[in-house]
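The block underneath contains the structure these notes are about, expressed in structure tokens.
The values are calculated or read from the model by the stated rules, or taken from the named source; none is laboratory data. It should be emphasised that the depicted structure is a prediction, and the values quoted were computed from it without experimental measurement. All Cβ positions, glycine included, derive from the backbone under ideal geometry; neighbour counts span all protein chains shown.
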Amino acid sequence: NSVFNHLVQAPEDPILGVTVAFNKDPSPVKLNLGVGAYRTEEGKPLVLNVVRRAEQLLVNDRSRFKEYLPIVGLTEFNKLSAKLIFGADSAAIQENRVTTVQCLSGTGSLRVGAEFLAKHYHQRTIYIPSPTWGNHTKVFSLAGLSVKTYRYYDPATHGLNSQGLLEDLGSAPPGAIVLLHACAHNPTGVDPTLQQWEQIRQLMRSRDLLPFFDSAYQGFASGSLDADAQSVRMFVADGGECLVAQSYAKNMGLYGERVGALSIVCKAADVAGRVEGQLKLVIRPMYSNPPIHGASIVATILKDRDMYNEWTIELKAMADRIISMRQQLFDALHARGTPGDWSRIIKQIGMFTFTGLNSKQVAFMTKEYHVYMTSDGRISMAGLNSKRVPHLADAIHAAVT
Ligand code: PLP
């Protein structure tokens, strides 16, 4: 009799489980719009050309070893990552007030930041938007933070519940941590305008709320790296403190390489130095030090002007393809006369469309049309291509009529 006999069957992950179900479906017309990974117009995963080039350079460089990285990762990668999110002319970087550590993609960066806060920050409550990426609650609560939500999405308008958001943050206890999606909010595709960001910033600073940005889609939302970093840069420009978790999964297509960074912006250089020392104490017993390959790819691209430019072009092409999928799906529903206002499909930004379809309608689409998506009605626009738009439009039409 096994010592693990008492274990109950664990449920599949609500997002990754969609792919598990998809893989089991033998239907030739099946369509996976669950997981947020980019696909080409041919429905294939994409390795960026510039990434292939960088890897080739790394392979050919005989001076490279496979030694351990320092606990905080590759120094060059950390510097370049801070520059990418905060801007080349960032005063915080010039004043050495930023500490950046390489972590295991966006998730690992969030987790290290959360563990650090649970250990060293006086207020252990974090507010996350409702709804949010499904993993946030677990990442933060398992790190020892107490998770509360703030109103974000308004189902009536399919837009931002700006008033609810400001009310909830306005009544959060002073010092509370607030998780903000830097851009391309997942799953809703709804972002605050710059004016709304400014209101949020003023309110948060007046109540000493600590911003923790999750930046998983820089460049992927609008096609511009700078435009997608504006929310973060507003909060850094006021001289206050914040945390930022960066991921290169989507914007460089490095999903499985697990490359990301956690930056903590402080008010003074000596504090940033002590923060780094304590981050090392969090990381060392967790995974000792991060992997070398993915961070070397990123550093190779970011430090070379020509490769950097090639990356921005490829990144914009991915963003543009997603934007054109939005238009095509919208047009296809319009052509079918599908009841309802579907303008949200073209208004929302980033990888996902929050369709407003309920879990029953989603189950119907999966059963009858072999369309796979998360039960909250979120579809990954990146998984769609022109050939499959009519099938998806038929499925949505049938689900709502
Ligand atoms: N945060 C958000 C909002 C995301 O959508 C994702 C990925 O889907 C992540 C973080 C983390 O991704 P990764 O750990 O692959 O970088």
* Asked: Does Ser146 fit the bill of being within 10 Å of the ligand (Cβ to nearest atom) and among the hydroxyl-bearing types (Ser, Thr, Tyr)?
  -> no
* Structure fact -> Within the stretch 252-282, of all residues that are more than 10 Å from the ligand (Cβ to nearest atom) and crowded, with 23+ Cβ neighbours inside 10 Å, the one nearest to Arg39 (Cα to Cα) is Met252
* Structure fact -> Quick count over the stretch 23-45, residues being away from the ligand (no atom under 16 Å from the Cβ) and β-branched (Val, Ile, Thr), is 2
* May I ask you to list the residues in the stretch 92-123 that are more than 16 Å from the ligand (Cβ to nearest atom), part of a helix (DSSP H, G or I), in contact with a Gly (Cβ under 9 Å, 6 or more places away or on another chain) and touching a residue at least 24 places away in the same chain (Cβ under 8 Å)? => Ala92, Leu117, Ala118, Lys119
* Tally of residues being touching a strand residue (DSSP E or B) at 6+ places or on another chain (Cβ under 6 Å) and not acidic (Asp, Glu) across the stretch 266-314 -> 7
* To do: Would you tally the residues in the stretch 197-221 being away from the ligand (no atom under 16 Å from the Cβ), hydroxyl-bearing (Ser, Thr, Tyr) and assigned to a loop (DSSP other than H, G, I, E, B)?
  => 0
* Exactly one condition in (1) assigned to a loop (DSSP other than H, G, I, E, B); (2) farther than 14 Å from Val98 by Cβ; (3) modelled with pLDDT of 95 or more; (4) out of contact with any Leu (no Cβ under 8 Å at 6 or more places or on another chain) is not met by Asp228; state its number. => (1)
* Look at Asp320 and say whether it is within 22 Å of Ser224 (Cβ to Cβ), away from the ligand (no atom under 16 Å from the Cβ), acidic (Asp, Glu) and surrounded by fewer than 13 Cβ atoms within 10 Å (Cβ to Cβ). => yes
* Please tell me if Ile126 is at pLDDT 95 or above, assigned to a helix (DSSP H, G or I) and either within 16 Å of the ligand (Cβ to nearest atom) or buried (at least 16 other Cβ atoms within 10 Å of the Cβ) (or both). => no
